Amino acid sequence: MNVLTRMWKREWPLHMMLLPGLILVLIFCYYPMAGIMMAFQKYIPNKGLLGSPFIGMRNFQLLIEYPDIGRVFLNTIYIAVMKIIAGLIVPITIAILLNELRKEWVKRTFQTLVYLPHFLSWVLLSGILVDILSPSSGILNQVLGIFGIKPIFFLGDNAWFPYVMVISDVWKEFGFGTIVYLAALTGINPSLYEAAEIDGAGRFKQILNVTLPGMMPIIILMLTLNIGNVLNAGFEQIFNLYSPPVYESADIIDTFVYRMGVQQAQFGFATAVGLLKSIVSFIFISVSYVLAYRIANYRIF
Amino acid sequence: MRRKSKSLLIVLFVLSMALTACGGTKEEAQKPAEPAKEQTQTQETPKENEVIEVSTVAQSDPYLKFDEGESFDKNAVYDQYEKDIGVKITNKWVADVTQFKEKLKMTIASNDIPDLMLVEATQLKELAEADMIMDITDVYDKNATDNTKKFLTMDGGMQMKTATIDGKLMGIPSSYNPYNFQYLYVRTDWLKKLNLPEPKTMQDVMTIAEAFKTKDPGGTGKPYGLAVSKEPFKIDTGVTGLRAFLNGYHAYENMWMEDASGNLVNSDIQPQVKDALKALQDMFKKGLIDPEFAVKDTEKEAELLYNNNVGLVFGASWTPAQLVKGAVKDGKVVQEWGAYPIPSADGKPTLNQIGLGVDQYYVISKQAKHPEGVIRLLNEWIVVDNTMTPTDDQKTILFGKDKKEKGSNYWLLSPLRVGKQLDNNGEILPKAIGTKDASILQTADQKGRYERAMKFIDGTDINMWWEPLISGPNGAVSHNPKILQNKEYLQDKFYGAATPTMVDRLEILKKKRDEIYFKIIMNQVSVDEFDKFVAEWKKLGGDDITKEVNEWYASHK
């Protein structure tokens, strides 16, 4: 008891300093959570959260009964999983390759250049992509034409659309990932490389046996965090690039919710889907966290 | 020791400030909405002559060009309204055309609506049900001038009736003349060059499209037959759409029409649509349609028109205002266009698909302190917009501080605009412009159009090229008298609120429809897939919706 009061006397200013942040978190992160109620309501704006009638699981039922729901979920997971995998492999490879570069300025310039697209919005990029991928005048199809390949309508063909989404997303974001992995690389003890060299390991062996294991914790951390995105296939990107002929392969949960929830003003329904997505994400993150601990013996928290 | 802990304390304090500052940006993002609210709340009941405030939301427009130093916050138009009728206009927010509708929905959802706003027909009913908007029966009756009342009931009161719910006037119809037809626009210089006849039937259209494609009169190396953009069936697509094309095959886009037995049926699943889609598929196979139309918006597709790749397009009467971007270059007319009525695929005349003449309403928030201010805005607009000889002050409202027409479209700044429910432009204008006789003009609109057309004809302003193509002797509206006389138009028979099944299923039905229409046009599936779509449409809720719509119809006959 005595110890506690002494500690309190000494540390109370520190606790007080936490207060502003705590209040903000409460107001902006926890208070809005009450809005989850909307998922079980037929939400009427003027009546608000407390006045709108409760309709139980009707919104979820509507989602399950939606005729194309299987297709929509499959598209979402297919595109999202490919994005997660490619979004892991590409930046790691680039980071390792960059790390092998001798000239510091080449490394820095390259790093900055690939980082730039991360700051562009999809609204802008979609306009550029439509031009680049155009079958009649796009540069990509003109290059393919040199090799005798017939023009491909990448954005209008169900066989191509998902891959275009994955590749363009990786192109936009891999610079950002590369920076994270490069940071992880600087943390590796240089003496390990010296030891490996003495043991007769070449460049490639060094990468395999020193660099990769050294990066493992960060890789697992990034993977675990990304697995929560398994139902986020990238609304902004797909919404700006899809069109009716590719609904079959392009319609994802978020675009569907946009058309249903915002365009038809079904806010309760949109909230229900959002809630469902959060629950699924939470489950995936929890599972991957446990797996990371069990298999790689690595704790994030 | 003491010193050390103190410095540590300072560091921590700074850190905690930094953390809260990060969170603080969210707080700031929420703020802008508030000042407007406070201002309206602090207002007390006004005495005579006191300036009252009306808040609204505005839609920015690429055609609206502000004078130096002016903006949506401060401009000559708002100032003039404040001076003339003592109403101060403020904007809660401004959004561009593409986001306005969504943003408005969010504004309604968050129950933070301005005093005055323009909403869709379905929203009018929702807002009335949710008790968010004011019953303006009395306010209108007391404050609207006789002139205003007469103006808004020119059609016998039909449009005002659609704004009345349970005997209460819930909004002011954003009225316009419902007889807005679409037309076919063709490069007439190319017709002459290739010695082709004018388009009288859909077969002629095919012949012309094919000739434009194979003979490439524009010399671009990449010609197509017909310009089509990515949302061709939407009513918002005024140029490069396909609604008019459907009409030529006696097919219509998402409207409710009577079948032989007098019941309402949806036009999207009628066999005529299949014929139209088959024709479009044939055109696509022959390379007459830009294969990338599905990803190009109107402006992008219209570049093909500006750059001489395409010489055929369907569009509303104002289409020439779009075409002028390519037709007039460096002070010279480089493209000749002609406007024709929509041809028909068989001998029967084409019926133009038209709306009710009102699909939007100005509503007043229940929280509004000064609903009478809105009615004053209405009175003023009707006077200003319809006078044949505007005063200097009235010119400011129409054209901005310079008081003369310079193409900056300042009329878009007036927060409340209603149009004439009837017009006889089609009868008067072609005659007046043809014979250069200004004496037969009857309205301010006609006078403005006549003056613009004359500027082009006597050579003072070549950029007014578009006006004669709309209003001149062979312009778009010159076809109207015949269409009106023979009743060659079709109006949607359903104007009720969305039915329960519509709310749940309209999205999937529209998705399926767009998907199959596009795939057929783009020759990805056989045209017979249309029959499968019809069966699916019925199964996925279409039949239920039809039943509900017919129940509504029976009670509104």
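Taking other C-beta atoms within 10 Å as the exposure proxy, A:Phe153, B:Phe72 rank B:Phe72, A:Phe153 from fewest upward. For B:Thr387, B:Thr107, the sequence from fewest to most other C-beta atoms within 10 Å is B:Thr387, B:Thr107.
With a ≥ b ≥ c the root eigenvalues of the C-alpha gyration tensor of region B:312-434, is it rounded (a/c under 1.5), prolate (a/b larger than b/c) or oblate? Cα axes put region B:312-434 in the oblate bin. When Rg and Dmax are taken over the Cα atoms of region A:214-297, they come to 16.3, 51 Å.
Rg then Dmax, both in Å and based on the Cα atoms of the protein assembly as shown: 31.7, 106. Along the axis of the charge dipole computed for the protein assembly as shown (Cβ charges of +1 for Lys and Arg, -1 for Asp and Glu, origin at the Cα centre), the listed residues A:Pro53, B:Ala244, B:Pro481 are led at the positive end by A:Pro53. For chain A, what does the alpha-carbon gyration tensor say about shape, rounded, prolate or oblate, given a ≥ b ≥ c as the root eigenvalues, a/c under 1.5 as rounded, and a/b over b/c as prolate? It is oblate, given that a/c is not under 1.5 and a/b is not larger than b/c. From the alpha carbon centroid of region B:497-547 to that of region B:385-434 is 42 Å. Counting beta carbons within 10 Å around each of A:Glu173, B:Glu82, A:Glu11 and listing the fewest first gives the order A:Glu11, B:Glu82, A:Glu173. The charge dipole of the protein assembly as shown, taken about its Cα centre with unit charges on the Cβ atoms of Lys, Arg (+1), Asp and Glu (-1) only, comes to about 2340 debye.
Listed by chain and number, the lysines whose C-alpha is less than 26 Å from the C-alpha of B:Lys142, apart from same-chain residues fewer than 8 away, are B:Lys47, B:Lys83, B:Lys88, B:Lys125, B:Lys150, B:Lys161, B:Lys168, B:Lys366, B:Lys369, B:Lys420. Our summary of shape: the Cα atoms of region B:75-163 have principal axis extents of 36, 35, 23 Å, ordered from largest down, in whole angstrom.
Looking at the square roots a ≥ b ≥ c of the eigenvalues of the Cα gyration tensor of region B:233-390, which shape do they give, rounded for a/c under 1.5, prolate if a/b is larger than b/c, or oblate? The shape class here is oblate. Mean partner shielding of peptide B:522-534, defined as the number of other chain Cβ atoms within 10 Å of each residue Cβ, is 1. Taking label positions 7 Å along the Cα-Cβ direction at both B:Asn307 and A:Glu11, the computed distance is 6.9 nm, reported to one decimal. Summing charges over neighbours of B:Lys395, with a neighbour being any other residue whose Cβ is under 10 Å away from its Cβ, gives -1 when K and R count +1 and D and E count -1. Distance between the modelled labels on B:Thr220 and B:Gln360, one decimal in nanometres: 3.1 nm (7 Å Cα→Cβ projection). The Cβ shell under 9 Å around B:Met257 holds other residues with a net charge of -2, Lys and Arg each +1, Asp and Glu each -1. Per-residue extension of 0.36 nm, minus the Cα-Cα distance of B:Val94 and B:Asp79, leaves a gain of 3.6 nm for this segment. Mean sequence separation of contacting Cα pairs (under 8 Å, at least six apart), scaled by the length of chain A, corresponds to a relative contact order of 27 percent. Considering only alpha-carbon pairs that sit under 8 angstrom and 6 or more positions apart, the relative contact order computed for region B:430-557 is 18 percent.
Computed extension length for B:Asn111-B:Lys482: 128.8 nm, one decimal, from 0.36 nm per residue of separation with the Cα-Cα distance subtracted. Taking 0.36 nm per residue of sequence separation and removing the Cα-Cα distance, the A:Ile128/A:Ser281 pair yields an extension gain of 51.9 nm.
Quick check: Cα centre of region B:52-110 to Cα centre of region A:209-270, how many Å? A separation of 36 Å, based on Cα centres. The alpha carbon centroids of region A:153-194 and region A:94-111 are separated by 15 Å.
The residue list B:Thr435, B:Thr298, A:Gly175 was ranked by how far each Cα lies along the charge dipole of the protein assembly as shown toward its positive end, using unit charges on Cβ atoms, and A:Gly175 comes out on top. Count Lys and Arg as plus one, Asp and Glu as minus one, and take only other residues whose Cβ is under 13 Å from that of B:Ala302; the net charge is then -1. If both residues of a DSSP beta bridge must be in the protein assembly as shown, then about 65% of such bridges are antiparallel. Around the Cα centre of region B:335-469, unit charges on the Cβ atoms of Lys, Arg, Asp and Glu (plus for the first two, minus for the last two) sum to a dipole of about 360 debye.
Using a cutoff of 8 angstrom between alpha carbon atoms and counting only pairs six or more residues apart, the relative contact order for chain B works out to 20 percent. Working note: Cα gyration tensor of region B:221-267, eigenvalues times five, square-rooted, sorted largest first, giving semi-axes of 29, 12, 6 Å. Its Cα gyration tensor gives region B:92-218 an equivalent ellipsoid, and the semi-axes of that ellipsoid, as √(5λ) in whole Å with the largest first, are 47, 21, 13.
Peptide A:11-19 has a mean of 3 when you count, residue by residue, the C-beta atoms of other protein chains within 10 Å of its C-beta.
Remark: for residue pairs B:Lys234/B:Lys447; A:Lys83/B:Lys512; B:Lys65/B:Lys105; B:Lys215/B:Lys278; B:Lys296/B:Lys487; B:Lys455/B:Lys487, the C-alpha separation exceeds 29 Å in B:Lys234/B:Lys447; B:Lys296/B:Lys487; B:Lys455/B:Lys487.
Taking every full run of DSSP H in chain A, the ones that stretch at least 18 Å from end to end by Cα along their long axis and average -0.5 or higher on the Kyte-Doolittle scale are A:2-25, A:69-99, A:161-186, A:212-227, A:267-296. For the pair A:Leu19 and B:Lys192, a Förster radius of 60 Å applied to the C-beta separation gives a FRET efficiency near 0.15, rounded to the nearest 0.05. Among A:Ile279, B:Ser317, B:Asn91, pick out the residue whose Cα is farthest towards the positive end of the charge dipole of the protein assembly as shown, where Lys and Arg carry +1 and Asp and Glu carry -1 on C-beta, about the Cα centre. The residue sitting farthest along the positive end of the dipole is A:Ile279.
Any read-out appearing in this document is the output of simple, stated calculations on the displayed coordinates, not a laboratory observation. Model, not experiment: these values are computed from the prediction. Backbone-built Cβ (ideal geometry, glycine too); neighbour counts: all protein chains shown.
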